[in-house]
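Engineer: Before anything else, here's the structure in question.
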Amino acid sequence: MAKFMSLPDAVRENLNDGDTVAFEGFTHLIPHAAAHEAVRQGCKDLTVIRMTPDVIYDQLIGMGMVKKMIFSYAGNPGVGLLRRMRDAVEKGWPHKLELEEHSHAAMANAYEAGAAGLPCAVLRGYRGVDYAAVNSNIKSVTCPFTGEVLAAVPSVRPDVTFIHAQKADRKGNVLIEGILGVQKEAVLAAKRSVVTVEEIVDDLETHPNACLLPDWTVTAICEVPGGAHPSYAHGYYTRDNANYIAWDKIASDRETFLAWMEEHVINATPADFAVRVQRLRTAA
């Protein structure tokens, strides 16, 4: 059953050096506060997974925490490159980064397979492209019923998944509203899961067919208002576009990057996120 705790305690109890970890979110509800707490605790040798790694993965890579990334698209959304990621790949700073690149379809299917407890995902995909030439985890299988040749990739089974959501009730059920990526599948595929939420309420006040994670699927719940900033939380605050634009310049220089991380992450706390979204607040 879900356990309510502080974010520092949740990270300390659930994320270990050498783990395979997913910080999932698609466009909004990206768990920045959780990733920053992992930085503060100095986690290392991580294999990180994400369909769309963006700024938080740039930060984790730049801080030397990541040994491998399994992903489909990587970039600063609406802006351009992940400059810390590129520095690691091209120049080995702060150290070399191993990449396992997939398509969006393959990543989504791999999460679903992991959630179902299957060893691999089978899909129609990768036809006419050269992904398999650079990724040895893309295989071909023949359907025993039709003879069709299909693609197969390993299922995604993180040691721990972090997501952000709008609400949790006091029983530990979690509500996710708005654009959905693979947050639900990423939680169900993981051995452990930590969900940061905007608020904890008595009643979720939603239809039972809404996207819910029942309490038995979640390891820990942490109340962290603003915890998705600079991405947005539907119904709570808007996307901080200026922050994403500013990141491109910050991440372009190693010393500037390290100074920014020291001020805004190392010397910050989860509570600081609530202040950062005050000007972005919307009517719920």
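Engineer: Quick check on my filter: what residues within segment 226-256 are buried (at least 22 other Cβ atoms within 10 Å of the Cβ), under 28 Å from A115 (Cα atoms) and out of contact with any Lys or Arg (no Cβ under 7 Å at 6 or more places or on another chain)?
Structural biologist: The answer is G227, A228, A233.
Engineer: Being more than 21 Å from V201 (Cβ to Cβ) and open to solvent by less than 10 Å² (accessible area, probe 1.4 Å) is the filter here; which residues of segment 1-13 pass it?
Structural biologist: First pass over segment 1-13, keeping only residues more than 21 Å from V201 (Cβ to Cβ): 8-9, 11-13.
Of everything in segment 1-13, just one residue is more than 21 Å from V201 (Cβ to Cβ) and open to solvent by less than 10 Å² (accessible area, probe 1.4 Å), namely V11.
Engineer: Can you tell me which residue among T217, T196, T256, T206 is modelled with pLDDT under 95 and either more than 20 Å from F26 (Cα to Cα) or within 20 Å of the chain's Cα centre (by Cα) (or both)? Lay out the reasoning, then the answer.
Structural biologist: Details: T217 fails: modelled with pLDDT under 95; T196 fails: modelled with pLDDT under 95; T256 fails: modelled with pLDDT under 95.
Just a single option satisfies the conditions, and that option is T206.
Engineer: Pairs, please: C-beta under 7 Å, at least 6 apart or cross-chain, first residue in a helix (DSSP H, G or I) and in segment 255-284, second modelled with pLDDT of 95 or more and among the aromatic types (F, W, Y)?
Structural biologist: L280/Y237
Engineer: Separate question: Any residue at all in segment 141-157 that is touching a Gly at 6+ places or on another chain (Cβ under 8 Å) and under 21 Å from L29 (Cβ atoms)?
Structural biologist: yes
Engineer: Mind counting the residues in segment 75-108 that are within 20 Å of T27 (Cβ to Cβ) and touching a residue at least 24 places away in the same chain (Cβ under 8 Å)? Quick ask: steps written out before the conclusion?
Structural biologist: To start, the set of residues in segment 75-108 that are within 20 Å of T27 (Cβ to Cβ) comprises 75-82, 85, 102-108.
Pick out the ones that are also touching a residue at least 24 places away in the same chain (Cβ under 8 Å) and you get 76-82, 85, 102-104, 106-108.
Within segment 75-108, residues that are within 20 Å of T27 (Cβ to Cβ) and touching a residue at least 24 places away in the same chain (Cβ under 8 Å) number 14.
Engineer: State all residues of segment 3-54 that are under 17 Å from A189 (Cβ atoms), touching a Lys or Arg at 6+ places or on another chain (Cβ under 8 Å) and in a loop (DSSP other than H, G, I, E, B); if no residue qualifies, say none.
Structural biologist: The one that is under 17 Å from A189 (Cβ atoms), touching a Lys or Arg at 6+ places or on another chain (Cβ under 8 Å) and in a loop (DSSP other than H, G, I, E, B): E24.
Engineer: Let me ask something else about it. In this structure, is R50 modelled with pLDDT of 95 or more, open to solvent by 40 Å² or more (accessible area, probe 1.4 Å) and within 23 Å of N135 (Cα to Cα)? Reasoning before the result, please.
Structural biologist: Values: modelled with pLDDT of 95 or more: yes; open to solvent by 40 Å² or more (accessible area, probe 1.4 Å): no; within 23 Å of N135 (Cα to Cα): yes.
No, not satisfied.
Engineer: Filter segment 87-110 down to the residues that are open to solvent by 70 Å² or more (accessible area, probe 1.4 Å) and within 30 Å of L123 (Cα to Cα) and list them by number. Explain how you work it out, then say what you get.
Structural biologist: At the first step, the residues of segment 87-110 found to be open to solvent by 70 Å² or more (accessible area, probe 1.4 Å) are 90-91, 96, 98, 101, 104.
Listed by number, the residues that qualify are E98, E101, H104.
Engineer: Here's another thing I want to ask about it. Filter segment 259-284 down to the residues that are more than 18 Å from H164 (Cβ to Cβ), exposed (fewer than 15 other Cβ atoms within 10 Å of the Cβ), aliphatic (A, V, I, L, M) and modelled with pLDDT of 95 or more and list them by number.
Structural biologist: Residues satisfying the conditions are A259, I266.
The values are calculated or read from the model by the stated rules, or taken from the named source; none is laboratory data. Everything quoted here is computed from the prediction, not taken from an experiment. Don't worry about glycine lacking a Cβ; one is built from the backbone with ideal geometry, like all the others, and counts go over all protein chains shown. Heavy atoms of the whole protein, side chains included, go into the accessibility calculation; ligands, DNA and RNA do not. Shrake-Rupley method; radii C 1.70, N 1.55, O 1.52, S 1.80 Å.
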